[in-house]
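Only one structure is covered here, and it is reproduced in the block below.
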Amino acid sequence: MRRIAAKFAASLLLGSALIHPADAQAAPKPSSSQLPANDAAIDARVEALLAKMTAEEKAGQLSQFFYFAQIPAMAKGVDDQIAAGKAGSILFTTDPKLLNRAQKMAVEQTRLKIPLLVGFDVIHGLHTIFPVPLAMAASWDPKLVERSQAVAAQEARAVGIHWTFAPNVDVALDARWGRIVEGAGEDPYLGSAMAAAQVRGFQGSYIGAPSHIIAGPKHFAGYGAAMGGRDYDQSEISENQLHNFYLPPFKAAIDAGAGNIMAAYMALNGVPAAGNHRLLTDTLRTEWGFRGWVVSDAGGVDALRTHGIAKDGTEAAVKAISAGTNMEMVPPGQKAHMPSLAAAITEGKLTTAELDAMVRPVLAAKFRMGLFENPYVDEARAAKVLADPAHADAARAAAERSAVLLRNEGGLLPLDRKKVRSLAVIGPLADSQRDMLGPWIFSMNNPSAESLLAGIRAKVGQGVTVSYSEGVRIPARVNPSPFDMMDGKRTKPEPIDEDAEIAKSVALARQSDAAILVLGEAQNMSGEKASRASFDLPGRQKELLDAVVATGKPVIVVLMSARPLAVQDSKAAAILDIWYPGSQGAAAAANLLFGDAVPGGKLPISWVRSAAQAPMTYARLPSHDPTDAAKRYQEGSNEPAWPFGFGLSYTSFAYSNLKVLTPKVAPGSPVNITVDVANSGPRSGDEVAQLYIHQKHGTSSRPVRQLKGFERVTLKPGEKRTLTFTLSPEDLRYWSDATRSWIEDSSDFEVWVGGDSTASLGGSFEVGGR
Ligand code: BGC
């Protein structure tokens, strides 16, 4: 992998004219390839091509292969499939030269010259890495998220990728599940906003827009409810939760125009996802009108066998197709099952019409992306696009806006450069470059980041003494991460004497004006196959933290993780959560620490006190005894350490004057609410105003609070703004198990607006009397 990375780096140095997509779009007369394709024209081209195809060629279009083109021994088998017209799509090569080579085989050596659709996991960036998606959700800034994914799309399209397996829109109430890092957290409303923003960012205003790629929201559906938070375990989700929690972000992504969907791995209520007709056909296509194509997760078609609903590969392929899975993602070394569809037709297990229906959207995507006109990319231009400095600026802004300040006693942050002349930077993540980037990045794309230590040193310059101690090591996972092999070779660090390192850390803190402890989880402790059963700081980090705090020096914890960690009882004066902040995370965090940026992010998850509290949602139902809602465990409070929506700033905000302009409305009418938010502190800053509702009575029991609106605003000291929120009838609708339908009750509602999910400024309205 290292060789691959080096090779890619070399290709970055090539270059010719720089073409910005923005320039291209600003041109007075866009060329025909820059206009949305006309549906009827696409349909006609699809039908003409389909009419020429054999059943084998159709099945080929439904097969997607992992393609490691950099490794000739692994590539050979797939090269043969491509040249034989048996591969409709490939994934996992990102080198433009190798992708051009693969396309050349497809368009020059196959009978029908159908180009390949190239997919890849562009999750939080390709070469320029953005904060992990959970962090992006913490920005509560859909425009920022859209812009960031547009940058990722631009890089991806430049190298020859047409389609990303993203966004991950799985709602996750259980942070034991490592893939919580890839989504937007626990809330369906925030999750829907993030889903739609990412689809718009990846795809632009239409499928085939220049410098954009197709979005494939995943994993349809219910993957985030893995039992016990154990990745891949079954999901058992009630109809109530499925409709009201897990499906809305998918619906939002489809409404935003997503061209693809990935089916999940696991069985939902006993039905494996790639064979789930109800979800893939009834809900997705019939109810929601999805016209794109569904890809299985890696090996998801074969998994119908291992899940126990197909006796062999042929039956798995037929069941997947019949349920609504168009394309099989075939893992390395595994046999493709879609080719068996040709025989299945002969044997009467499937009709040609059924097969054609599944091939159409795949061909349509290729026409829409303009691949028949131009399957190749300009390799020199690709290198220029990846090196565009504007991308780094976008990544820095994203990292600054997604950090969450959890504690700031005595206004310790921002650090005062005039007073702090010496700093001890301590901890196992302080001098790590790789961990800044987070999971779902690949060494072959040559991503890079400075460590936080380097970022702090660059920020303070010569005038401040910065000392460093690693303190302790984060122990390696007991079950190693299978993804580490994608990470390139790294030399194993020399072991350290942790007792001596802790002593050194204490000594450094004693001789400094303040200590910054960079603690948390290594990046490979989040992501796929990365569940945890404990939210304690791994290894001896707590001991290190306690020892440094005991010096009495001001201590700032900078936390890196994508799940809550049990830091709430520590006496550190300040805690800043930077998640995994990406390529520009070091500069961003240094700006935040020294006040050149002000934290404004808010938690997209409830910060539970320990793994024992998971799963959790602030949007729980009321019980028969609401008076003791916080005391369900005999050990004490079951409330989280920090609630959903929480985050501090270097300034403060005051809410007042909440007015429901429409206190009584008929069902189906909008409700308008205004509220004043003022910056009551000493400096400019951002606040995320959040609106929550509660329906007091009706057909089903409704959550004690539900997020139904938010806006991130920047306010100068003393500035006051009146915000207007409109609740649409959609916002008041919910799926009721009592009627097994969507309903809007006539009812009384409470409404609150404030800086987190415990907001106290409230009002009420009534929906009733048609
Ligand atoms: C993951 C998907 C991913 C695919 C391809 C699977 O293991 O579940 O999210 O898109 O691999 O990398």
Within region 250-264, take every residue that is away from the ligand (no atom under 16 Å from the Cβ) and assigned to a helix (DSSP H, G or I) and give me the one that is most open to solvent (accessible area, probe 1.4 Å).
Asp255
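Considering only region 315-343, how many residues are more than 28 Å from Val118 (Cβ to Cβ) and open to solvent by less than 50 Å² (accessible area, probe 1.4 Å)? Write out each step before concluding.
Quick first cut of region 315-343, residues more than 28 Å from Val118 (Cβ to Cβ) only: 315, 343.
Narrowing the set further to residues that are open to solvent by less than 50 Å² (accessible area, probe 1.4 Å) leaves 343.
Count: 1.
Return yes when Arg157 is within 16 Å of the ligand (Cβ to nearest atom) and assigned to a helix (DSSP H, G or I) and no when it is not. Step through it out loud before you land on a result.
Working: within 16 Å of the ligand (Cβ to nearest atom): no; assigned to a helix (DSSP H, G or I): yes.
So Arg157 fails the test.
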Within region 215-238, restricting to residues that are part of a loop (DSSP other than H, G, I, E, B) and aliphatic (A, V, I, L, M), the one that is nearest to the ligand (Cβ to nearest atom) is Ala226
Being in contact with a helix residue (DSSP H, G or I) (Cβ under 7 Å, 6 or more places away or on another chain), farther than 15 Å from Pro217 by Cα and within 13 Å of the ligand (Cβ to nearest atom), is that true of even one residue in region 265-276?
yes
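Conditions (1) more than 23 Å from Phe120 (Cβ to Cβ); (2) over 16 Å from the mean Cα position of the chain (by Cα); (3) charged (D, E, K, R), marked per residue:
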| residue | (1), (2), (3) |
| --- | --- |
| Tyr189 | yes, no, no |
| Met194 | no, no, no |
| Ala197 | no, no, no |
| Gln203 | no, no, no |
| Tyr206 | no, yes, no |
| Ala209 | no, yes, no |
| Pro217 | no, no, no |
| Ala221 | no, no, no |
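Among the residues of region 603-661, write down those that are hydrophobic (A, V, I, L, M, F, W, C), open to solvent by 50 Å² or more (accessible area, probe 1.4 Å) and either closer than 24 Å to Asp141 by Cα or free of Cβ contacts under 8 Å to residues at least 60 places away in the same chain (or both). Show your work before the answer.
To start, the set of residues in region 603-661 that are hydrophobic (A, V, I, L, M, F, W, C) comprises 603, 605, 607-608, 611-612, 614, 616, 619, 621, 629-630, 641-642, 644, 646, 648, 653-654, 658, 660-661.
Adding the requirement that they be open to solvent by 50 Å² or more (accessible area, probe 1.4 Å) leaves 612, 621, 648, 661.
Answer for region 603-661, where residues must be hydrophobic (A, V, I, L, M, F, W, C), open to solvent by 50 Å² or more (accessible area, probe 1.4 Å) and either closer than 24 Å to Asp141 by Cα or free of Cβ contacts under 8 Å to residues at least 60 places away in the same chain (or both): Ala612, Leu648, Leu661.
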Would you point out the residue of region 460-482, among those that are touching a residue at least 40 places away in the same chain (Cβ under 8 Å) and in a helix (DSSP H, G or I), that is farthest from Asp435 (Cα to Cα)?
Gly463
Would you call Ala597 assigned to a helix (DSSP H, G or I), more than 19 Å from the chain's Cα centre (by Cα) and in the same structural domain as Val420 (by TED's automatic domain parsing)?
no
Taking region 293-315 as the search range and keeping residues that are under 26 Å from the mean Cα position of the chain (by Cα) and either outside any loop (DSSP other than H, G, I, E, B) or away from the ligand (no atom under 16 Å from the Cβ) (or both), which one is farthest from Glu528 (Cα to Cα)?
Trp293
Give region 483-515 a look and list any residue that's in contact with a helix residue (DSSP H, G or I) (Cβ under 7 Å, 6 or more places away or on another chain), modelled with pLDDT of 95 or more and not in a helix (DSSP H, G or I), or say none.
Ala515
Which strands (runs of 3 or more DSSP E) sit wholly inside region 669-770 and have at least 2 residues that are under 22 Å from Phe653 (Cα atoms) and not assigned by TED's automatic domain parsing to the domain that holds Ile605?
671-679, 685-695, 706-715, 720-727, 747-754, 762-767
Take region 522-550 and flag every residue that is charged (D, E, K, R), part of a loop (DSSP other than H, G, I, E, B) and more than 16 Å from the ligand (Cβ to nearest atom).
Arg532, Asp536, Arg540
Would you check which residues across region 275-308 are surrounded by 20 or more Cβ atoms within 10 Å (Cβ to Cβ) and either within 20 Å of Ile345 (Cα to Cα) or hydroxyl-bearing (Ser, Thr, Tyr) (or both) and list them?
Gly275, Thr283, Ser296, Val301, Asp302, Leu304
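Would you check if there is a residue in region 195-212 being touching a Lys or Arg at 6+ places or on another chain (Cβ under 6 Å), away from the ligand (no atom under 16 Å from the Cβ), of a type in the set (Ser, Thr, Tyr) and open to solvent by 10 Å² or more (accessible area, probe 1.4 Å)?
Step one: filter region 195-212 for residues touching a Lys or Arg at 6+ places or on another chain (Cβ under 6 Å), giving 207-208, 211.
In the following step, the residues that additionally are away from the ligand (no atom under 16 Å from the Cβ) were identified as 207-208, 211.
Remaining after also requiring of a type in the set (Ser, Thr, Tyr): 211.
Going one step further and asking which of them are open to solvent by 10 Å² or more (accessible area, probe 1.4 Å), we end up with 211.
Checked against the condition, which is being touching a Lys or Arg at 6+ places or on another chain (Cβ under 6 Å), away from the ligand (no atom under 16 Å from the Cβ), of a type in the set (Ser, Thr, Tyr) and open to solvent by 10 Å² or more (accessible area, probe 1.4 Å), region 195-212 yields at least one hit.
Looking only at region 122-154, filter to residues that are in contact with a Leu (Cβ under 8 Å, 6 or more places away or on another chain) and more than 12 Å from His212 (Cα to Cα); which one of those is farthest from the ligand (Cβ to nearest atom)?
To start, the set of residues in region 122-154 that are in contact with a Leu (Cβ under 8 Å, 6 or more places away or on another chain) comprises 126-129, 136-138, 140, 152.
From the residues that got through so far, the ones that are more than 12 Å from His212 (Cα to Cα) too are 126-129, 136-138, 140.
Details: Leu126: 14, His127: 18, Thr128: 20, Ile129: 17, Met136: 17, Ala137: 17, Ala138: 21, Trp140: 25 Å.
Here the answer is Trp140.
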Tell me, yes or no, whether region 565-579 has at least one residue that is more than 21 Å from Val506 (Cα to Cα) and touching a helix residue (DSSP H, G or I) at 6+ places or on another chain (Cβ under 6 Å).
yes
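The values are calculated or read from the model by the stated rules, or taken from the named source; none is laboratory data. All values reported here derive from a predicted model rather than from experimental measurement. With ideal geometry, Cβ positions are generated from the backbone for all residues, glycine too; neighbour counts draw on all protein chains shown. Just the protein is used for accessible areas: all its heavy atoms, side chains included, with ligands, DNA and RNA removed. Shrake-Rupley method; radii C 1.70, N 1.55, O 1.52, S 1.80 Å.
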